[in-house]
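Below is one structure, written out as structure tokens, with a few remarks after it.
The values are calculated or read from the model by the stated rules, or taken from the named source; none is laboratory data. Quantities reported herein were computed from a predicted structural model and do not represent experimental measurements. Heads up, the Cβs are rebuilt from the backbone with ideal geometry, glycines too, and the neighbour counts pull from every protein chain shown.
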Amino acid sequence: MVILMYFGQFMFFEKSFNLIYTPARDIATGEATDRLRLNTILFHTFILMNLFNQINCRVVDQNEINVFKTLFNNKIFWFVAAFEFGVQYGMMFLTKFTIGSGLLGAAELTTVQHIICVLLGMTSLMVNPLVKKIKLDHFQNVYESIDLEKDNKNEFINKLWVSLSVFKEAAVSKLHQGSDGEALEDLAEDQE
């Protein structure tokens, strides 16, 4: 996605543009600019990656690499997936109309751009087998040191949470004592 965001303008469009300063719509005509088209490609690709990743998420067994093995066992999954794909492509269809494009903040894509978005979205299906090839033994120290089931007061995140809570309570009590400016100055002095 990062490559698509920064280099997509060179892949899809003839003229390059500034990702930040180029307006999404032409000021004179109100037509979508290449920046808005690139943003639409990014959005469409990201959603399709998530939708295709649903297929990966159905198989959680570490040893099972074939995510298509039991693909047709659950009719509810297919109903939900078809509905989500329908909503996504319904939004893409609405971008053909001025009102739909304006409401969704998206631009109409060409057929080639749609196909590229689908192919990029399908790459999430290739990630799952690669991730399952990584042995969990390499991460044994990490998952043994972090126990989400028990409240360990010595873990970094818990220490940070406690210190932030103390800082918040001190700030609230200082604000109630005096004017805002004095309370914030006192708080800053207390923390030093």
Would you mention how many residues in segment 58-86 are loosely packed, with under 12 Cβ neighbours inside 10 Å and either in a helix (DSSP H, G or I) or touching a strand residue (DSSP E or B) at 6+ places or on another chain (Cβ under 7 Å) (or both)? 6
Identify the residue in segment 94-111 that is among the aliphatic types (A, V, I, L, M) and assigned to a helix (DSSP H, G or I) and, among all such residues, is farthest from the chain's Cα centre (by Cα). Ile99
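Mind telling me which of the residues Gly105, Gly86 ends up being among the small types (Gly, Ala, Ser) and in contact (Cβ under 8 Å) with a residue 40 or more places away in the chain? Quick ask: steps written out before the conclusion?
Numbers: Gly86 fails: in contact (Cβ under 8 Å) with a residue 40 or more places away in the chain.
The match here is Gly105.
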Looking at the structure I just gave you, is Glu189 assigned to a helix (DSSP H, G or I), at pLDDT below 70 and not small (Gly, Ala, Ser)? yes
Of the conditions (1) part of a helix (DSSP H, G or I); (2) more than 21 Å from Leu4 (Cβ to Cβ), the single one that His114 does not satisfy is (2)
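Are any residues in segment 85-127 of a type outside the set (A, V, I, L, M, F, W, C), on the phi < 0 side of the Ramachandran plot and touching a Leu at 6+ places or on another chain (Cβ under 9 Å), and if so, which ones? Walk me through it before giving the result.
First pass over segment 85-127, keeping only residues of a type outside the set (A, V, I, L, M, F, W, C): 86, 88-90, 95-96, 98, 100-102, 105, 108, 110-111, 113-114, 121, 123-124.
Then drop every residue that is not on the phi < 0 side of the Ramachandran plot, which leaves 86, 88-90, 95-96, 98, 100-102, 108, 110-111, 113-114, 121, 123-124.
Passing the criteria: Gln88, Thr95, Gly100, Ser101, Gly121, Ser124.
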Which one of these is closer than 24 Å to Val118 by Cβ, among the acidic types (Asp, Glu), in the same structural domain as Leu120 (by TED's automatic domain parsing) and over 20 Å from the mean Cα position of the chain (by Cα): Asp61, Asp34? Asp34
